[in-house]
Structure formats: structure tokens, C-alpha cells
Amino acid sequence: MQGLSWLGQILHGLRHPPRLEIIEDWSIELHGLLIVIPAGFITDGASIPRVLWWLISPFGPLLEGAILHDFGYQYGYLLARYDAATPYNLESLAWRDLWPPLFATTIPVFLRRDRQFFDELLRYVTIELNGATLQAKAAYVALRPFGGLVWAGYRQKGPHALNTNSLGLPSVRS
């Protein structure tokens, strides 16, 4: 950012929030499934406006829930470690069969869940893992009116909607 005025630096920071890249597969047990976020996935953490970072960090107690939330918003499903003994719904199995190289060890789950499901997932995971009830509830309250535009963009344009398809996976479209 050298060469930018102080105002230019502020505007650059607002337009280009920091991103985290998952450098090795990250997993969490959820509803009896081992949910996997593959290495290479890029997230901005919790999408907290920068002006509020002094109050709550996008990379603080909301992070684990935000990673799942961002993946769900971007692709319209989560990935679970495939287990032949687990009964999956027909659509999940069909997706796995359609793209065998992409889903060699995983299977898409929670396909076609609505935006509220992923918003509630962020809240649930944040409370369960970190006990951050106040932050989780505040994030959920903020997501309900403001998450819709991002969700709609991903459902209409796919994972490239915000130039964020870091994994090259297909997405659920409306």
C-alpha cells in the first residue's frame, strides 16, 4: 500500500479485507458427520465491518462457525468425510457420482439447505466450541437482514460470484 495517502490506505483496507487460506484439511464433527473444509479454502472469517473490530474480531471466537458458514454460503452445502456405512440421501450420492475426482474422499451434505440453516450453524458452532453466546447471537442478528445479498449472489452466479471459488467445486444454484 506504499504510495497511497492515508485516506487511500483506509479505502483500500475497506475494499480488500484480509483473507485466511485453510492450509490443511480442517474438520469438525457435526450431526454425526465428520465435516471437512478442504485445504485451499479461502475465507474472510466473520464478515464484521472493520469499524467494529475493536469490539469483535472476525478471526476471534466466531472463526470456526464463520468458516463453515462461508463454505455453506459459497457452495450451498458442506462436505463430509465419505463413509460407506453411512446412509446418505440420493442427491448427495448423485453429486458424488457426477464428480468423482472432486469428491473422492468426501460427499456433499446438507445440500439445498436455506440461508437460515447456515446462519444458525454459525451461531450453534460458535456457542458449542467457544461458549461465545453473546457474539454468536449478535452475529446471527446481523446476518439475518444483511446476509441475503451475498447468499443470493452465490445462488444466482455460483461460487465465482465474489471471485472466491478457491477450490473449483460446483455449487448449488437456485
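The values are calculated or read from the model by the stated rules, or taken from the named source; none is laboratory data. None of these values were measured; they are calculated from a predicted model. Neighbour counts run over all protein chains shown; Cβ positions are idealised from the backbone, glycine included.
Only residues that are assigned to a strand (DSSP E or B) and farther than 11 Å from residue 68 by Cβ: list them for the range 28-46, please. Can you show your working first?
Step one: list which residues in the range 28-46 are assigned to a strand (DSSP E or B), which gives 28-30, 33-37, 42-43.
Within the range 28-46, 29, 33, 34, 42 meet the criteria.
Can you run down the residue pairs with Cβ atoms below 7 Å, 6 or more apart or on separate chains, where the first is in the range 127-151 and within 14 Å of residue 62 (Cα to Cα) and touching a residue at least 12 places away in the same chain (Cβ under 8 Å) and the partner is of a type in the set (Val, Ile, Thr) and not in a helix (DSSP H, G or I)?
Close Cβ pairs satisfying both conditions: 135/56.
Name the pairs whose Cβ atoms lie under 6 Å apart, with the first residue in the range 38-65 and more than 17 Å from residue 28 (Cβ to Cβ), the second of a type in the set (Asp, Glu), and 6 or more positions between them or separate chains?
The qualifying pairs are 42/21.
Just the residues that are touching a residue at least 40 places away in the same chain (Cβ under 8 Å), surrounded by 17 or more Cβ atoms within 10 Å (Cβ to Cβ) and over 14 Å from residue 25 (Cα atoms), please, taken from the range 76-94.
76, 77
Identify, by number, the condition in (1) under 18 Å from the mean Cα position of the chain (by Cα); (2) surrounded by fewer than 14 Cβ atoms within 10 Å (Cβ to Cβ) that residue 72 doesn't meet.
Evaluating residue 72 over (1) under 18 Å from the mean Cα position of the chain (by Cα); (2) surrounded by fewer than 14 Cβ atoms within 10 Å (Cβ to Cβ) leaves (2) as the failure.
Suppose we filter 114, 25, 97 for residues that are surrounded by fewer than 16 Cβ atoms within 10 Å (Cβ to Cβ) and farther than 22 Å from residue 158 by Cα; which single one remains? Spell out how you get there, then give the answer.
On the way: 114 fails: farther than 22 Å from residue 158 by Cα; 97 fails: farther than 22 Å from residue 158 by Cα.
Only one candidate passes the filter, namely 25.
Identify, please: which residue in the range 94-112 is aliphatic (A, V, I, L, M) and under 22 Å from the mean Cα position of the chain (by Cα) and is, among those, nearest to residue 32 (Cα to Cα)?
My answer is 109.
Could you list, in sequence order, all residues of the range 56-85 that are modelled with pLDDT of 95 or more, in a loop (DSSP other than H, G, I, E, B) and either hydroxyl-bearing (Ser, Thr, Tyr) or in contact with a Ser or Thr (Cβ under 9 Å, 6 or more places away or on another chain) (or both)?
Within the range 56-85, 77, 82 qualify.
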